[in-house]
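Okay, structure first, notes after.
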Amino acid sequence: MTIERVVMAFAGSMILLSLLLSLLHSAYWLWFTAFVGANLLQAAFTGFCPLAIVLRFLGLKPGAAFERKG
């Protein structure tokens, strides 16, 4: 799995988890949803993503996330 796909899967999972927690626990979890969304937006424009740095350090390779196969 490439860095881009792990970042997208992790961000999606965090958004869904925080939405669930906002329903079950406290509406304040929506602030975490906003944080994840804002981080994705800034990463799209700046290319800076802390998770990507960690994943690269752990040995994952970058790749074209939306490249068509075949």
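Readers should treat all values here as calculations from the given coordinates under stated rules, not as data from a laboratory. Owing to the predicted nature of the structure, the values given are computational and were not obtained by experimental measurement.
I'm spelling it out carefully: the read-out is semi-axes √(5λ) of the Cα gyration tensor in Å, the candidates are (i) 26, 13, 11; (ii) 34, 18, 6; (iii) 16, 15, 11, and one was derived from this structure. Which label? It is the value labelled (i).
Here the 3J(HN,Hα) profile of the stretch 38-45, calculated from phi with Karplus coefficients 6.51, -1.76 and 1.60 at θ = phi - 60°, is 5, 5, 5, 5, 5, 5, 5, 8 Hz, Gly and Pro shown as x. Helices in the chain, meaning DSSP H runs of at least 4 residues, each add -39500 (n - 2.57). Divided by all residues, the mean residue ellipticity at 222 nm is -22000 deg cm²/dmol.
Only Cα pairs under 8 Å and at least 6 apart count here; give the relative contact order of the chain as a rounded whole percent. Let's see the in-between values first.
Working: 46 pairs, mean separation 34.0, N = 70.
Relative contact order of the chain: 49 percent.
The angle separating the long axis of helix 3-24 from the principal Cα axis of greatest extent in the chain is about 10 degrees.
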